[in-house]
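Everything below concerns the one structure shown next.
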Amino acid sequence: MTRDYQAIGRTWFLKGKQRLIPTYGQHKGVKLIGKLHYETGEILCAEEESYDAEAFLRFLHTVLAHYPAGRIVLDNARIHHAKLIQPFLEQHKSRLQLVFLPPYSPQLNLMEGVWKWLEEMVIQNVFFGSVQKIVIAVRAFLRYAGDHPDEVIDRLCVSQLI
């Protein structure tokens, strides 16, 4: 998933006091790839310069090393079908399972809930004067989520299991 810009989100203002959110008009920021462990609330993320098949393959190596046992489910993202990825998926098919989610169904992918939460808490309606400030804010959010796995589970996982 890529988070690389300021986003204007729904909000309210006092009449005549609408907040103006400046922008520098460039899509610069933090490129993230992530995985959510729905039982523990742990979020594993990697920052990348770009989100391509090579970056995703590096992340898959990290995921398998971080979680040495159990199955890991991948959604139907286009990048997961890249030719570079296919030999790795075949080699690790006992651990990595590709699940074909319906198009436009972010509610079925819990990690999409993390990205939405990140956007709401960090990105929406905020102007960051530099890319480094975005990076600092995103890292602070991920530290917060890492320190509060129960909140992650309550917010993202429990409602999906019911």
Would you check which residues across the stretch 78-106 are loosely packed, with under 12 Cβ neighbours inside 10 Å and among the aromatic types (Phe, Trp, Tyr) and list them? PHE100, TYR104
Are any residues in the stretch 30-77 charged (D, E, K, R) and either buried (at least 16 other Cβ atoms within 10 Å of the Cβ) or within 22 Å of LEU118 (Cα to Cα) (or both), and if so, which ones? LYS31, LYS35, GLU39, GLU42, GLU47, GLU48, GLU49, ASP52, ASP75
Quick check on this structure: which one of VAL152, VAL131, VAL126 is under 15 Å from the mean Cα position of the chain (by Cα) and not polar (S, T, N, Q)? VAL152
Subset of the stretch 72-125 that is acidic (Asp, Glu) and more than 27 Å from ILE136 (Cβ to Cβ) - its residue that is modelled with the lowest pLDDT: ASP75
Hey, CYS45 hits all of (1) assigned to a strand (DSSP E or B); (2) touching a Lys or Arg at 6+ places or on another chain (Cβ under 6 Å) but one; which does it fall short on? (2)
Tally of residues being charged (D, E, K, R), part of a helix (DSSP H, G or I) and more than 19 Å from SER105 (Cα to Cα) across the stretch 55-79: 1
Pairs please, first residue from the stretch 57-82 and at positive phi, second anywhere and modelled with pLDDT of 85 or more, Cβ atoms under 9 Å, 6+ apart in sequence or on different chains. GLY70/ARG95
Filtered residues of the stretch 107-128 (kept if among the hydrophobic types (A, V, I, L, M, F, W, C) and without any contact (Cβ under 8 Å) to a residue 60 or more places away in the chain): LEU108, TRP117, MET121, VAL122
Those residues that are among the polar types (S, T, N, Q) and in contact with a strand residue (DSSP E or B) (Cβ under 8 Å, 6 or more places away or on another chain), I need them from the stretch 89-124; list them, please. GLN97, GLN124
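The values are calculated or read from the model by the stated rules, or taken from the named source; none is laboratory data. This one's a predicted model, so the numbers in the text were calculated from it and none came from an experiment. Methodologically, a virtual Cβ is constructed for each residue, glycine included, from the backbone with ideal geometry; neighbour enumeration extends over all protein chains shown.
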